[in-house]
Amino acid sequence: MQTPKSIGMVSLGCPKALVDSEQILTRLRAEGYLISPSYEGADLVVINTCGFIDAAVEESLDAIGEALADNGRVIVTGCLGAREDLIRKAHPRVLAVTGPHAADEVLQHVHAHLPQPHDPFSSLVPPQGIKLTPQHFAYLKISEGCNHSCTFCIIPSMRGPLVSRPIGDVIQEARTLADAGVRELLVISQDTSAYGVDLKYRTGFVGGRPLRTRLRELCAALGDLGIWVRLHYVYPYPSVDALVPMMAEGRILPYLDVPFQHASARILTAMKRPASAENNLERVRAWRAVCPEITIRSTFITGFPGETEAEFEELLAFLKEARLDRVGCFAYSAVEGAAANALPGALPEEVREERRRRLMELQEDISAELLAAKIGREIVVLVDEVDDEGTIARSAADAPEIDGLVFINDHFDAEPGDFLRVRVVDSDEHDLYAEVAVSAA
């Protein structure tokens, strides 16, 4: 029998791109292709690129160059693929280039350059598909695209307007993942809180039961699965308020990833963001009143064109007042094609970076205080890894790869995907240190 052909995959950028990569790999595996963990063992390499900021563009181009050097046969897809001229100028030897969420096109190019006859005896795909995450957590993408026109962002031009997945399909995928042993679902999209807007919240069907295509109903259904459900990329719309009682009741994790981006009303207007800083602060207070345990993560941009020192101080004042649990920050990057590049008052790179550093130093102090307050408390954690020093886990307040960790030193009786009840004994600016109390269900 013919030896099956092997595909290598490099997935760069955000979790939404990772889901696209998983879908491509699942379809390739279903057709009998093998998945190679290295360039050397692959007959062809697919690179899913990111083009959100200049650093991501550089990383993607470097990855393409490395794959060409080590393998020689490369297909490029993803957000940077929307700029095919840039890719082909840097790397004219690539076999093909597609834009984002273009699985059909990627497979067509694979078939053209690496034909693989379907062999039902080698097409062994698990029901949940091919995943690039550990077995105990998975990303659940509920929509593509975005209806916003934020001036610093080019994602809508790459991924198009909002297109929500049918709610029945989303719930079925979530159930399949839970049945496969996934203990945590991370709900993602470009704008999670807008889920269903494009469909006018049309009624779908889940197991024959009518259900509106709306985030509130989706979260209620996911909450019935009995696993952790974590929400990412949630805009601070009033409709989000209805989700917080579910968090207080333990139906979904008390965690919101809300990209506020700034606190100055003028800067938010220049960014074309959908909410004002004053409303954001009031909304944070209201969420905490309903669910005191809620963790709020956000991201901010420093050095946006025209940002004055006073407006930056306004952002710092917002952080001091809001005391957000987790914060990421980027110095403004003049991404090609972003409308903000045409705004007056571009700031030098050293000013943008210096403000980013000051913001993160302030947030480190806030984070250290918030985490220190957890010493002595018992919390439930999800085990990610066990190494030669002990168990590495995450709490309900910690999303994988972007938030903190909980270290349980000298505890080895655990496996990834286990839930443990632990007592916090120490902390630093980002992480907690704990000892096992009793096992949790």
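Structure notes:
- Between Glu415 and Glu321, the contour length at 0.36 nm per residue exceeds the alpha carbon distance by 29.9 nm.
- Charge dipole (debye, nearest 20) of the range 6-113; +1 at Cβ of Lys and Arg, -1 at Cβ of Asp and Glu: 200 debye
- Compared with the alpha-carbon gap, the fully stretched path from Arg212 to Val163 is longer by 16.1 nm at 0.36 nm per residue.
- The simple Förster model, with R0 at 41 Å and r as the Cβ-Cβ distance, assigns Asp62 and Arg251 a FRET efficiency of 0.45.
- Solvent exposure, largest accessible area first (probe 1.4 Å, DNA, RNA and ligands not counted), of Asp179, Asp198, Asp191: Asp179, Asp198, Asp191
- Taking the centroid of alpha carbons for each part, the range 255-309 and the range 159-198 are 24 Å apart.
- Heavy-atom accessible surface of the range 137-373: percent carbon and sulfur, 1.4 Å: 53 percent
- Nearest-20 debye value, the range 137-373 charge dipole, Cβ charges on Lys, Arg, Asp, Glu: 920 debye
- Applying a 4.7 Å Cβ-Cβ cutoff to the chain leaves Cys14, Cys50, Cys79, Cys146, Cys219, Cys291, Cys329 as cysteine residues with no disulfide-compatible partner.
- Placing +1 on each Lys and Arg Cβ and -1 on each Asp and Glu Cβ, with no other charges, gives the chain a dipole about its Cα centre of roughly 2000 debye.
- Here the simple spin-label model places points 7 Å from the Cα toward Cβ, and for Ser149 and Ala55 these points are separated by 2.9 nm.
- In this view, the solvent-accessible surface of Phe205, computed with a 1.4 Å probe and all protein chains in place, comes to about 130 Å².
- Using a simple spin-label model with pseudo-atoms 7 Å out from Cα toward Cβ, Val425 and Ser239 lie 4.7 nm apart.
- The heavy atoms of Ser239 present about 70 square angstrom of accessible area, all protein chains included, probe 1.4 Å.
- Which of Val383, Val74, Ala342, positive extreme of dipole for the chain (C-beta unit charges): Ala342
- GNM top mover of Thr269, Thr77, Thr26 - the chain, alpha-carbon springs below 10 Å: Thr269
- Each peptide in 12-19, 383-390 was scored by the mean count of other Cβ atoms within 10 Å over its residues; highest first, the order is 12-19, 383-390.
- Cα gyration tensor shape of the range 211-305, rounded if a/c is under 1.5, else prolate or oblate by comparing a/b with b/c: prolate
- When DSSP beta bridges are restricted to pairs lying wholly in the chain, around 45% turn out antiparallel.
- Pairwise label distance in nanometres, Glu364 with Arg285, each label 7 Å out on the Cα-Cβ vector: 3.1 nm
- Positive-end residue of Tyr139, Pro416, Leu107, charge dipole of the chain with Cβ unit charges: Leu107
- At full extension, Glu435 and Asp85 could sit 120.6 nm farther apart than now, given 0.36 nm per residue minus the alpha carbon distance.
- For the residues Lys272, Lys200, Lys5, a 1.4 Å probe over the protein chains yields an accessible-area ranking, largest first, of Lys200, Lys272, Lys5.
The values are calculated or read from the model by the stated rules, or taken from the named source; none is laboratory data. A quick note: this is a predicted structure, and the numbers were derived from the prediction, not measured. Don't worry about glycine lacking a Cβ; one is built from the backbone with ideal geometry, like all the others, and counts go over all protein chains shown. Protein only, heavy atoms only, side chains kept; ligands, DNA and RNA dropped before computing areas. Shrake-Rupley method; radii C 1.70, N 1.55, O 1.52, S 1.80 Å.
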